[in-house]
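Q: First the structure, which I've put down as structure tokens, then a few questions once you've had a look.
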Amino acid sequence: MKQYPVAKPYITRREHQYVDEVLRSGHLSLGPKYLAFEKKFARHVGTRYACAVSSGTTGLHLALLAAGVKPDDEVITSPFSFIASANAIVYTGATPVFCDIEPVTYNLDPTKLERLITKKTKVILMVHIFGQSADIGPIMHLARKYRLTVIEDACESVDATYHGQKTGTFGQSAVFAFYPNKQMTTGEGGMIVTNNKRVYDLCCSLRNQGRGASMDWLDHQYIGYNYRLDEMSAAVGLAQLEKLDWMIGQRRKIAAAYGRYLKPYGRYVILPQTAEGRTHTWFVYVVRLAQRRVSRPRVIEVLRRHGIQTKVYLPSIHLFDVYRRRYHFRRGQYPVSESVSASALALPIYIGLRPTDIKFICRTLITILQKTQSSPV
Ligand SMILES: *Cc1c(COP(=O)(O)O)cnc(C)c1O
């Protein structure tokens, strides 16, 4: 039986070639590849600087530190995200403050943001979820009004645009991630981008044990971390970057095909929407089950038996036990996020998924939903 994973990296000869070059050179860390990757990535996104790091999560940690986030500060972010965006706030000792999302793009709802700002608020960590930007304009407006720093969690939104401008170019800094399920991968890896020289220098130092750029190996100006990206990963990243435009184009075609097949079945599935002025780069293709009495675990299980992997994207972060216990979050506190979490289902999207595959996935999904409707479980 053919298997359809939710995500799959797209690796060709170029990745092998570049990694081979690194392995033959013997220069496995802090060599020429990560510098080339940084330079090309910065140019691709359109920022002055890029600092390669070991993951999106470590990148977010450093971006928050570079913004001066300290214990006792508050950072506003979305509860509808991968847990790493909130965890990075927790690492700094600051308190994550969640702002509910809007129901069309599942990003921060700017109309609910202002009332959450306090004297302790330092940063808005603006997540661009699923490959579509947040409503950046009004969020930046509030940040200016209250003198808050904006950091973009662009881990899912490489190449997505907001009124023609790429995500990652709006905040003081932005972080991209290259885990194998993202639009481009390095295995593990991430990238902080910024136009701010001070932020850039600080991130570069902190990822490298607090060393200054011109310092000796055993000299340190800060208590830093080892958050470096190795050369093999950077080599993969360079190869991926060369075909990123094409890969995004492929993802758009798959998303469009899903849209065509599923559109007549609005009774069963709510399709993802792209807001006016934004372009989507499809980290995941997430539908929502329209009927509340359908058992999502059962749908997932039946699809699995047909070789189709699907995932719950995403649980709301405030409802994880660890967050509830530590910050006393309650069910019902962020109702839009909770209702999207309760109904969302990510379908397979990866390069190589053909129109016939997409048709099969859609037909299987709709058949299950039609059956479970006639005999509720
Ligand atoms: C993937 C992701 C991260 C973390 O990236 P890693 O490279 O897995 O550490 C952070 N935030 C969001 C929204 C993500 O999707």
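Coordinate-derived values only; no laboratory data. All figures in this text were calculated on a predicted structure; none of them were measured in a lab. Backbone-built Cβ (ideal geometry, glycine too); neighbour counts: all protein chains shown.
Q: Provide the percentage of antiparallel DSSP beta bridges, counting only those with both residues in the range 87-182; round to the nearest 5.
A: Around 25 percent antiparallel, to the nearest 5.
Q: If I fit a long axis through the Cα atoms of helix 355-374 and take the longest principal axis of the Cα atoms of the chain, what angle between them do I get, 0 to 90°, rounded to 10?
A: Between the helix axis and the principal axis of the chain, the angle is about 60 degrees.
Q: Which whole-number percent gives the relative contact order of the chain, counting Cα pairs below 8 Å spaced six or more residues apart?
A: Computed value for the chain: 22 percent relative contact order.
Q: Packing-wise, with mean Cβ within 10 Å as the measure, how do 238-251, 59-72 rank, highest first?
A: Peptide ranking by packing, descending: 59-72, 238-251.
Q: For Ser214 paired with Leu271, estimate the spin-label separation in nm (one decimal), with each label point 7 Å from Cα along the Cα-to-Cβ line.
A: 5.9
Q: Please give the helix 56-66 orientation as an angle from the longest Cα principal axis of the chain, in degrees from 0 to 90, rounded to the nearest 10.
A: Approximately 50 degrees, to the nearest 10.
Q: Another question about this same structure. Counting DSSP beta bridges with both partners in the chain, what percentage is antiparallel, nearest 5?
A: Counting DSSP beta bridges with both partners in the chain, the antiparallel share is about 60 percent.
Q: Still on this structure, I have one more. What ranking, highest mean first, results for peptides 116-129, 140-153 when packing means the other Cβ atoms within 10 Å averaged over each residue?
A: 116-129, 140-153
Q: Among 131-138, 302-309, 197-204, 324-331, what's the highest-first ranking by average C-beta atoms within 10 angstrom per residue?
A: 131-138, 197-204, 302-309, 324-331
Q: Next up: By how many nm would the segment from Val312 to Ser339 lengthen if fully extended, with 0.36 nm per residue of separation less the alpha-carbon distance?
A: Between Val312 and Ser339, full extension yields an extra 8.5 nm.
Q: To the nearest 10 degrees, how steeply does helix 244-262 sit against the main Cα axis of the chain, on a 0 to 90 scale?
A: The answer is roughly 20 degrees.
Q: Let me ask you something else. Classify the range 81-167 as rounded, prolate or oblate, taking a ≥ b ≥ c as the square roots of the eigenvalues of its Cα gyration tensor: rounded when a/c is under 1.5, otherwise prolate if a/b is larger than b/c and oblate if not.
A: oblate
Q: On a full-extension model of 0.36 nm per residue, what is the gain between Arg252 and Gln3, subtracting their alpha-carbon distance, rounded to one decimal in nm?
A: 87.5 nm
Q: Please give the FRET efficiency for Ala290 paired with Arg115, using the beta carbon to beta carbon distance and R0 = 51 Å, rounded to the nearest 0.05.
A: That pair, Ala290 with Arg115, gives E of 0.95.
Q: Suppose each label sits 7 Å from its Cα in the direction of the beta carbon; what would the Tyr327-Thr356 distance come out to in nanometres?
A: It works out to 4.8 nm between the two label points.
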